[in-house]
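Notes follow once the structure below has been shown.
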Amino acid sequence: MERKTIVFTAPGIAQLQTHKMPSVDRNSVLLKTEYTVISPGTERANLMGERNTSGGERNPTGPRFPKILGYSGVGRVEQIGEAVTSVAVGDRAVIYFGIHSSYNVVPEQNVIKIEDKGIDTAEAAATVLAHISLGGVRMARLEIGESALVMGLGILGMYGVMFCRLNGACPVIAADPDPQRRRLALIHGADFAFDPTEQEFPGKVLAATGGKGVNAVIEVSGAAPALPQALECTARMGRVVLLGCTRENDIPTDYYHMVHFRGVQILGAHTFVRPTVDSRPGYWTWQEECRAILSLLSGGRICLKALIEETRSPHEVPEVYRRLAQRKDFPLTVMFDWRDIK
């Protein structure tokens, strides 16, 4: 049996290829993929072979290709191993760190059954993306009435704005150089949206918080200059959560005056620092985080699909990733519809 899979074959080049299907062992699940969602920052970095990616600068011969990515998707269970108990054939399920492919074969622990039949399948495809943003906001330990700043308004930043508001942050401040994304952030939960490239940016943040600075910063851009900017905007005893992956050279930071003297906490929030078994305050397992997202969708508390700006066929892969590589008119994110792909 074969499947269609998106493969990064060389820097800036993606193709839809036919590969042999992996076998289903006693602990794994075969799903017919229905939708997968691009994570633009991570996938572009891997597509271009940038630093701090798999096969990046640590490989002396240069970036390694081919690469297969795609970690946020949803599908319908077609086959289960004899030891699998959490899903059954016919169930819809979120696929955690699967791949962009017409079929996914993953361990049982990498699927979460979608219990509520009323949840839109396409919207559920963004669950894994959204759980990354929710995890970063959760690490910030926001309390109702505290101020928050989200720096970088890609898809993870936009979801971060939504979760900051849902968590009771007031005001929620969004920052991005793109005026369209700032306008979108205001629609989806931000009280203020500023351009971080403006010289007046720190002053605007201070004014929006009554001169105190923000209690929590969710830094999602991954841009090297963002950390000094974030620290400049942070209140005494505030928290800065580094959710974005920095791919650039470091920029000098005055850690004594900006961090040590003011009691600021800097928290690394890579998704793989989550606990693997039991959730605890500020740190939930990915399974519990995804179930929380599904519960919020079921209760109508959040809308993930509104920020997925394009749905494409996997047959359009070369053009979609060419746009991503060139940063040419690329939307917040793109969803692939695999339902008609065998």
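Among the residues of region 179-217, those that are of a type in the set (Val, Ile, Thr) and either surrounded by 15 or more Cβ atoms within 10 Å (Cβ to Cβ) or within 26 Å of residue 302 (Cα to Cα) (or both) comprise 187, 205, 209, 214, 217. For region 273-300, the set of residues classified as among the basic types (Lys, Arg) and either part of a loop (DSSP other than H, G, I, E, B) or more than 17 Å from the chain's Cα centre (by Cα) (or both) consists of 274, 280, listed by residue number. Say whether the condition of being of a type outside the set (A, V, I, L, M, F, W, C), buried (at least 16 other Cβ atoms within 10 Å of the Cβ) and under 19 Å from residue 116 (Cα atoms) is met by at least one residue in region 274-283. No, because not a single residue in region 274-283 is of a type outside the set (A, V, I, L, M, F, W, C), buried (at least 16 other Cβ atoms within 10 Å of the Cβ) and under 19 Å from residue 116 (Cα atoms).
The residue pairs whose first member lies in region 199-214 and is among the acidic types (Asp, Glu), whose second member is crowded, with 20+ Cβ neighbours inside 10 Å, and whose beta carbons are closer than 9 Å, counting only pairs six or more residues apart or on different chains, are 200/194. Based on this model, can you work out whether residue 237 counts as in contact with a strand residue (DSSP E or B) (Cβ under 9 Å, 6 or more places away or on another chain), assigned to a strand (DSSP E or B) and either among the charged types (D, E, K, R) or more than 30 Å from residue 128 (Cα to Cα) (or both)? Criteria met by residue 237.
Residues in region 165-177 that are in a loop (DSSP other than H, G, I, E, B), surrounded by 15 or more Cβ atoms within 10 Å (Cβ to Cβ) and either at positive phi or under 19 Å from the mean Cα position of the chain (by Cα) (or both): 167, 176.
Return the residue satisfying two criteria in turn: it lies in region 256-272 and is part of a loop (DSSP other than H, G, I, E, B) and within 20 Å of the chain's Cα centre (by Cα), and of such residues it is nearest to residue 137 (Cα to Cα). Please lay out each step first, then the result.
Residues of region 256-272 part of a loop (DSSP other than H, G, I, E, B): 261-264, 269-270.
Of the ones still in play, those that are also within 20 Å of the chain's Cα centre (by Cα) are 269-270.
Working: 269: 9, 270: 12 Å.
Residue satisfying both the conditions and the ranking: 269.
Taking residue 311 as the residue in question, decide whether it is within 17 Å of residue 160 (Cα to Cα), in contact (Cβ under 8 Å) with a residue 24 or more places away in the chain and among the polar types (S, T, N, Q). No, not satisfied.
Which one of these is surrounded by fewer than 22 Cβ atoms within 10 Å (Cβ to Cβ), over 24 Å from the mean Cα position of the chain (by Cα) and either without any contact (Cβ under 8 Å) to a residue 24 or more places away in the chain or within 21 Å of residue 154 (Cα to Cα) (or both): 12, 81, 49, 90? Even if it seems obvious, please write down each step before you answer.
Working: 12 fails: over 24 Å from the mean Cα position of the chain (by Cα); 81 fails: either without any contact (Cβ under 8 Å) to a residue 24 or more places away in the chain or within 21 Å of residue 154 (Cα to Cα) (or both); 49 fails: over 24 Å from the mean Cα position of the chain (by Cα).
After ruling out the rest, the residue left standing is 90.
Within this structure, residue 111 passes the test of being buried (at least 16 other Cβ atoms within 10 Å of the Cβ), out of contact with any helix residue (DSSP H, G or I) (no Cβ under 8 Å at 6 or more places or on another chain) and closer than 26 Å to residue 26 by Cα. Against the list (1) within 24 Å of residue 41 (Cβ to Cβ); (2) part of a loop (DSSP other than H, G, I, E, B); (3) within 19 Å of the chain's Cα centre (by Cα); (4) among the β-branched types (Val, Ile, Thr), the condition residue 253 fails is (3). Answer yes or no: is there a residue in region 138-156 that is within 23 Å of residue 80 (Cα to Cα), touching a Cys at 6+ places or on another chain (Cβ under 7 Å) and touching a residue at least 40 places away in the same chain (Cβ under 8 Å). For region 138-156, residues within 23 Å of residue 80 (Cα to Cα), touching a Cys at 6+ places or on another chain (Cβ under 7 Å) and touching a residue at least 40 places away in the same chain (Cβ under 8 Å): absent.
Readers should treat all values here as calculations from the given coordinates under stated rules, not as data from a laboratory. In this text, all values refer to a predicted model and were calculated from it rather than measured experimentally. Positions of Cβ are backbone-derived with ideal geometry, glycine not excepted, and every protein chain shown enters the neighbour counts.
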